[in-house]
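The values are calculated or read from the model by the stated rules, or taken from the named source; none is laboratory data. Everything numeric here is computed off the predicted structure, so don't read it as measured data. We work out accessible area using only protein heavy atoms, side chains counted, and drop any ligands, DNA or RNA first. Shrake-Rupley method; radii C 1.70, N 1.55, O 1.52, S 1.80 Å.
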Amino acid sequence: MTGTPSGTRAGRRGRTKLVVANWKMNPPAIADAVSLARLEAAIDGGDVTLGIAPPVVALSAVADAIRAPSADARRVRLFAQDVHWETAGAYTGQISAAMIAGLADGSIVGHSEVRRDQGDDDARVARKAGAALRQGLYVIYCIGETLEQRARGETEAVIERQIRSGLGAIDAALLSAEGGYRFAVAYEPIWAIGTGVVATAAQASEAIATVRRELARLGLDGNAATVIYGGSVTALNCVDCATADGVDGALVGGASLKVDEFARIVAAFR
Ligand code: PGA
């Protein structure tokens, strides 16, 4: 997945079209997760790389299902939804990046719901991202501002800080692989997650331009980094999102639990 040149838009070189299903704490039964994964893995993504991030308890079963010889899973990547920064030890309830490395291709890191529920601050998110990369995992690094921060005009500063504190703390060699980067940034404004309020194309493009600028300040090639949008993406609004300047894909929560809807979102990015 790293850096496969894709798409025809100018400046896309090195970037990946990436649409990821973030199932969050769904579905309740592992058997249902396996069924859903089989259906989503069969979506014809064309030049879009499909990702599925099931709950960690379903990772193993989903991996077996979509990697079975009969499954056409060439473009499907499996992600964990979070990792712990330590390799092993007395960390009750936690799952290390080392454990995930045998099961999945990558992990989401820094999702706002994890930041909220586990008290993750920028420093902890940076450690998680570093650990995942050291284990060879691809990282979907989530950032985004609250509604209050946007109202105060702090969106740009928040994005810059989150990029700097996380990706900026990681050795550049770890972030890169032959032909591209080993991470994607997911811009997910917190006010848009699960609320039905989607960012406008202009808001997403502006924030994503800030991401690329900050990556460049860190000495990375911002225009070669994959940056996706997340927050209330649905089949109805995905065309706006897919055509917004600089948006390489989507991190889809609620709408990714419905196969038909997820397939339409993937199609919008082809
Ligand atoms: P949503 O979630 O699509 O349900 O808003 C997106 C996310 O949290 O990744």
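Helix-only mean residue ellipticity at 222 nm, the chain, DSSP H runs n ≥ 4 weighted -39,500 (n - 2.57), per residue, nearest 500. What is it? The partial results should precede the final answer.
Values: 11 runs with 100 residues, N = 270.
Mean residue ellipticity at 222 nm (helix-derived): -10500 deg cm²/dmol.
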Under 15 Å from LYS258, Cα to Cα: aspartates and glutamates that are on another chain or at least 8 residues apart:
ASP32, GLU40
Note to self: with every protein chain in place and a 1.4 Å probe, the range 90-159 gives an accessible area per residue in Å² of 44 Å²
More than 36 angstrom separation, counting every C-alpha pair in the chain; what % is that?
6 percent
Relative contact order for the chain: what percent, with Cα pairs under 8 Å and sequence separation of 6 or more?
21 percent
For SER176, what residues show an amide H to amide H distance below 5 Å, using hydrogens built from the backbone and excluding near sequence neighbours?
ARG182
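Output needed for the range 158-252: three equivalent-ellipsoid semi-axes, defined as square roots of 5 times the C-alpha gyration tensor eigenvalues, in descending order, whole Å.
Values: eigenvalues 118, 36, 25 Å².
Calculated on Cα positions only, the semi-axes equal 24, 13, 11 Å.
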Please work out the C-alpha center-to-center distance from the range 175-197 to the range 95-124 and express it in whole Å.
13 Å
Based on the Cα atoms of the range 81-162, what semi-axes does the equivalent ellipsoid have, where each is the square root of 5 times one gyration tensor eigenvalue, given in whole Å with the largest first?
26, 13, 10
